Amino acid sequence: MTGKTEPSSSPLGALVGDLLCALAFLTRAPVPATSSAHARPLGQAAWAFPLVGLGVGFGAGAVLALAAALGVPPLAAGLLALGASATLTGALHEDGLADTLDGLWGGRDPARRLEIMRDSRIGGFGALGLVISVGLRAACLAAIVEGAGAEAAWLAFVAAAAAGRGALPAIMHLTPRASATGLGAMAGRPSADRAVIAAGLGTLALPLLLGPGAGPAAALLASIAAVKLALVARWKLGGYNGDVLGAAEQAVEIAVLLTAAAALSY
């Protein structure tokens, strides 16, 4: 024995391991392949999803703020920020959104829908969904830049990214899996306390970053979006899979940014 303690054997080490595990799954961050974080159950690390979202939102929001400071038009700055976000995550959630839309509305039964979702090719519903998702989020960010400044848009992006990822563990805990294979099944089911922590962190970011007015409204609309998508997935697929989780993240982001943009009118 060397007398050294593995990082995961201490409470702090376990927290760091969970964070690194979530970071490795949700982003393209260079977590070393030799790290023990890759061996941790993703469901166990799910409480850290919104913390990863904070980092993604901060990085992508910084691109937006820099672009706006350089005189880039607001809509273009919003698109650059979304491009940065997709680069950081490998477009993980956008891919899930496209596959989910193709599957949910492209097949006549759950088996066929899941088969479509496993197909790497994008269909009409998926392509249109991506255009709408990117367009809505970019337009909202542009409206916030014009109405409240680039810093406010930056904070809104951070809030949306944290809330979007914070909603996923609750879906994983409360909704049955649609398939015994795939990322959704491999991730495992988060415990109730970890799902509550994730949802709490994601929700807490909204009033803190959007303010006491827009924050609660965004939390309500984000919850409705996540629940609605989970119910549709259960109806049409029998439950969730990794693609559904990606689509849920996008739906929550859209709900938060729409609320933040609309709040400027009041």
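Rule-based calculations on the coordinates, nothing more; no lab input. Owing to the predicted nature of the structure, the values given are computational and were not obtained by experimental measurement. Cβ atoms come from the backbone with ideal geometry, glycine included; neighbour counts cover every protein chain shown.
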Can you compute the label reach from LEU75? Point 7 Å from Cα along the Cβ direction, backbone N cut-off under 13 Å, restricted to the stretch 136-155. 136-143
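Are there any helices in the chain, counted as whole DSSP H runs, that stretch 18 Å or more along their axis by Cα and score at least 1.6 on average by Kyte-Doolittle, and if so which?
On the way: long enough: 11-26 (23 Å, 1.99); 49-69 (30 Å, 1.93); 74-89 (23 Å, 1.46); 92-106 (21 Å, -0.20); 124-148 (35 Å, 1.68); 150-166 (24 Å, 1.02); 192-210 (27 Å, 1.55); 214-237 (33 Å, 1.34); 242-262 (30 Å, 1.22).
Going by DSSP H runs, the hits are 11-26, 49-69, 124-148.
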Using only alpha-carbon positions, what ratio does the radius of gyration of the stretch 129-205 give when scaled by 2.2 N^0.38 Å? 1.39
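For the chain, which longest stretch is free of loop sites, where a loop site is one of the trypsin sites (Lys or Arg not before Pro) that DSSP puts outside H, G, I, E and B and that has at most 16 other Cβ atoms within 10 Å?
Working: sites that count: LYS4, ARG28, ARG108, ARG121.
It runs 122-266.
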What does a probe at ALA111 reach in the stretch 236-253, counting residues whose amide N is under 15 Å from the point 7 Å along Cα→Cβ? 237-238
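Provide the packing ranking of 76-85, 10-19, i.e. peptides ordered by the mean count of other C-beta atoms within 10 Å per residue, highest first.
On the way: 76-85: 21.9, 10-19: 15.5.
In descending order of packing, they fall as 76-85, 10-19.
Express the relative contact order of the stretch 88-181 as a whole percentage, based on alpha carbon pairs under 8 Å and six or more residues apart in sequence.
Details: 54 pairs, mean separation 18.1, N = 94.
Reported as a whole number, the value is 19 percent.
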Describe numerically, in nm with one decimal, the distance between label points set 7 Å from Cα along Cα→Cβ at LEU12 and at ASP193. 2.1 nm
Distance between modelled label sites at LEU66 and ALA148, nm, 7 Å Cα→Cβ extension: 2.4 nm
Would you mind estimating how fast the stretch 46-265 diffuses translationally, via Stokes-Einstein at 37 °C and 0.692 mPa s with the Kirkwood radius over Cα pairs, in µm²/s? 192 µm²/s
Mean Cβ neighbour count within 10 Å, used as a protection proxy, ranking 211-218, 167-174 highest first: 167-174, 211-218
Out of residues 5 or more away from TYR240 or on other chains, whose amide H comes under 5 Å of its own, with H placed 1.01 Å from N in the peptide plane? ARG177, ALA178
In a Gaussian network model over the chain where Cα atoms closer than 10 Å are linked, find which of PRO190, PRO32, PRO110 has the largest mean-square fluctuation. PRO32
